[in-house]
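Student: Below: one structure in structure tokens.
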Amino acid sequence: MDADDILDAAFALDKAGRESEAIPLYEQALVLGLRKSRRLPAYVGLGSSYRNIGDYENSLHWLDRGAVEFPGYHVLPRFQALAHRGCRPPCRGNSRTFRADQRSHRPKDLCPLPLGVRRTSGPTACR
């Protein structure tokens, strides 16, 4: 199976409500390398799946990665706002209010992690 086939399998599992099974496939497809037109839906699907299972930090991690790579894409801030709403207490210790219509929502003291690496706790400071 190539990255596109793996991504299609992740979408199918996600659509069937089996997000926990879809997550490793989304990640595998991204690590294997998707063409640009397929990476954006993979970031959204992966971030959304993490949010649906209640893992808001990993949801934000992947949605942030998508926002860095696709800064003008209008849907990502909406998904990020949903993930931030689920955080109790607020994710990343950030008290800033996030709105779905914000274009630049990402705190500047955070750096995206390398592809395939999950955030396990707290923000990663830029060096």
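Quick note: the coordinates plus some simple rules give every number you see, no bench work behind them. Computed from a predicted model, the values in this text were never measured in an experiment. Please note: Cβ atoms are built from the backbone with ideal geometry, for glycine as well, and neighbour counts cover all protein chains shown.
Student: Within region 1-71, report the trypsin sites (Lys or Arg not before Pro) that DSSP leaves as loop and that have at most 16 other Cβ atoms within 10 Å.
Tutor: 18, 35
Student: A further question on this structure: Over the Cα atoms of region 3-93, what Rg and Dmax result, in angstrom?
Tutor: Considering region 3-93 through its Cα atoms, Rg and Dmax are 12.4, 38 Å.
Student: Looking at region 46-89, which chymotrypsin sites (Phe, Trp or Tyr not before Pro) are DSSP coil and have at most 15 other C-beta atoms within 10 Å of their C-beta?
Tutor: Here the sparse-neighbourhood loop sites are 73.
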